[in-house]
Amino acid sequence: DEGWIHVIYPKDTDLIKGYVVSIHGGGLIAGCGEQNFNFANFIAKQGYVVFIPEYRLIPEATFTDQLNDIIKAFNIIGREASNYVTRPIYLIGDSAGCHLALIANAIGADPVIKDAFEVENSHNLTFSGVWLNAPMIETTGFNKIGLFMAKHFYGKKWRKTPKAKYLKNPELLYPYLPVKTVF
């Protein structure tokens with residue numbers, strides 16, 4: 001019951017260059033890992049193992065549930081990648097997946113952030129680089145779209161929670177990203 005992760009391998013598994021974790025978008029309410037398959041196949045042809053975690057969608061799950069799903073996936077991937085510690089691990093988040101990637105990455109580095117988002121566990125996965133394709137992060141500055149999303153995704157009392165600090169100011173999470181390797 002640790003979650004579902006699609007894994008796409010390069011043809012020659014003896015020449016694996018590293019790992020890529022790709023988190024799909026969909027506004028937290030839609031999408032699935034399969035939408036990243038074309039991209040993942042292209043990356044696999046370059047010699048990388050690509051992991052695409054699935055996460056439950058709103059309204060059947062809360063945002064905290066989604067973070068828990070991603071963190072569980074990070075832990076599974078970390079166990080797999082620990083056999084090849086010299087190979088880099090890269091994180092890619094697209095849209096809502098970027099939002100999840102940014103917060104989940106920081107949760108692994110700081111227990112205060114873990115507590116603020118009320119997740120069950122942390123993780124020890126360290127990424128060599130991160131690519132954030134981020135329309136959803138832009139909305140977390142809470143313009144009109146962001147305010148709508150905040151009320152529905154985080155609960156009507158989100159402003160009174162410890163996570164509000166990070167949701168209003170996502171740049172507070174940027175120092176947890178690998179320096180000079182964020183796109």
FRET efficiency estimate (nearest 0.05) - Cβ-Cβ, residue 156 to residue 9, R0 35 angstrom: 0.20
For residue 23, distant residues with modelled amide H under 5 Å away: 92, 93, 94
GluC sites (Glu not before Pro) lying in DSSP loop within the range 13-120, provided at most 14 other Cβ fall within 10 Å: 60, 118, 120
Order of exposure, largest accessible area first, which applies to 9, 19 with probe 1.4 Å: 9, 19
Environment charge at residue 20 (Cβ cut-off 15 Å; Lys +1, Arg +1, Asp -1, Glu -1): +1
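The values are calculated or read from the model by the stated rules, or taken from the named source; none is laboratory data. Quick caveat, the model's predicted, so the values are computed rather than measured. Don't worry about glycine lacking a Cβ; one is built from the backbone with ideal geometry, like all the others, and counts go over all protein chains shown. Calculation scope for accessible area: heavy atoms of the full protein, side chains included, ligands and nucleic acids excluded. Shrake-Rupley method; radii C 1.70, N 1.55, O 1.52, S 1.80 Å.
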